[in-house]
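Inspection log for the structure reproduced underneath, given as structure tokens.
None of the figures in this text is laboratory data; all of them are computed from the coordinates on show. Given the structure is predicted, the values throughout are model-derived calculations rather than measurements. With ideal geometry, Cβ positions are generated from the backbone for all residues, glycine too; neighbour counts draw on all protein chains shown.
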Amino acid sequence: MGYRMPKYAVPCSIAGVLVGGCVLVKDYMGGQMYKSTERIVGKTAIVTGANTGIGKETCRELARRGGRVIMACRDLEKCEKARAEIVLETANRNIQCRHLNLASLASIRTFAKITNEKEPHVDILVNNAGVMRCPKLLTEDGFEMQLGVNHLGHFLLTMLLLDKLKKSAPSRIINVSSIAHNRGRINFEDLNSAKSYNPSEAYNQSKLANLLFTKELAKRLEGTKVTVNAVHPGIVKTELGRHMSISKSYLSWIFLGPPSWLLMKTPKQGAQTTLFCALDPSLENVSGKYFSDCKEKEVAPEATDPAVAARLWAISEKWTRLT
């Protein structure tokens with residue numbers, strides 16, 4: 001009697017190949033993982049936007065490596081839940097939640113004051129929090145939300161913590177930017193989008209501002225042993241995309257959800273380049289650069305104009321009342 005193949009063998013085999021193929025594609029699209037084993041016991045790291053997405057995964061890994069981690073978040077309830085999860089997983093209790101609303105200059109100043117008074121040193125600052133393609137909103141101080149949070153908020157925070165970072169040198173600053181900076185333009189005629197507002201253009205502008213800030217700050221920090229670099233984390237599936245059409249439309253989710261799941265990074269994958277810039281020994285003296293998938297990348301020509309960078313810096317100082 002001949003062998004008879006089970007009825008569902010072929011469909012199951014095809015399904016298995018498809019699933020396996022999807023897993024391989026997902027892993028490939030996730031980019032390079034940071035596999036070095038540096039420990040940061042005795043070091044203090046601050047991560048903004050730390051209760052979810054890339055920020056949370058960054059905190060998780062820094063905690064796993066023994067660091068003291070300050071989770072800087074607007075929503076302390078969500079922050080405490082994330083903290084409890086990370087403490088349970090890493091057995092590192094040296095993690096603290098601290099309130100920070102980047103849409104409020106007063107909140108930023110309070111956070112910086114507390115940090116400067118309480119922390120003996122700050123070794124790593126990860127400017128991770130962000131807003132993307134939101135409806136027209138203004139910060140507490142009247143800035144367009146994406147410019148206010150993504151650029152101005154982190155500009156002020158960094159500058160207020162700079163003396164502490166210098167005293168803690170060698171120390172590192174990581175600005176989470178985006179490949180969207182390639183489509184950005186600093187519109188000095190309407191920097192705050194008061195005359196007209198396009199969510200995508202405002203987002204692209206804010207991410208270009210991150211690159212210009214990184215490069216100008218790197219020049220000003222030469223010789224201090226404080227480095228500053230920018231990263232593109234990749235296209236990552238996080239709450240940052242909640243204003244995108246795929247998040248709002250059920251039909252869009254049906255048709256675009258599966259492909260986006262396949263092609264987008266997980267938050268853990270998205271955190272890898274941030275961790276590389278924060279930890280890798282090879283970057284000890286590297287500053288003013290832009291990284292993606294744990295490799296240095298070229299920036300858009302608009303991000304290399306020193307005159308634009310200097311002008312944006314002067315406006316940022318004035319608007320944040322830093323001078």
Quick one: net charge of Lys195's neighbours, Cβ under 14 Å, K/R +1, D/E -1? -3
By how many nm would the segment from Arg220 to Glu140 grow when fully extended, if each residue of separation counts as 0.36 nm and the alpha-carbon distance is taken off? 25.9 nm
Packing-wise, with mean Cβ within 10 Å as the measure, how do 158-167, 94-103, 203-212, 65-74 rank, highest first? 203-212, 65-74, 94-103, 158-167
Around Lys118 (Cβ within 11 Å, Cβ-to-Cβ, excluding Lys118; K/R +1, D/E -1) the net charge comes to +1
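Write down, largest first, the equivalent ellipsoid semi-axes of the range 40-319 in whole Å, where each equals the square root of 5 times an eigenvalue of the alpha-carbon gyration tensor. Provide the component values of the computation, followed by the final result.
Values: eigenvalues 133, 112, 70 Å².
Over the Cα atoms of the range 40-319, the semi-axes work out to 26, 24, 19 Å.
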Which of Lys78/Lys289; Lys56/Lys136; Lys225/Lys295; Lys35/Lys289; Lys113/Lys215; Lys113/Lys225 have a Cα-Cα distance over 29 Å? Lys78/Lys289
A 31 angstrom limit on the alpha carbon distance is what I want to check against. Which of Lys43/Lys219; Lys268/Lys318; Lys43/Lys268; Lys265/Lys318; Lys207/Lys265 exceed it? Lys268/Lys318; Lys265/Lys318
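On full extension of the chain, what length is gained from Ala169 through Ser196, given 0.36 nm per residue of separation minus the C-alpha to C-alpha distance?
Using 0.36 nm per residue and subtracting the Cα-Cα distance, I get 5.4 nm.
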Could you please rank Thr304, Thr273, placing first whichever residue has the fewest other Cβ atoms within 10 Å of its Cβ? Thr304, Thr273
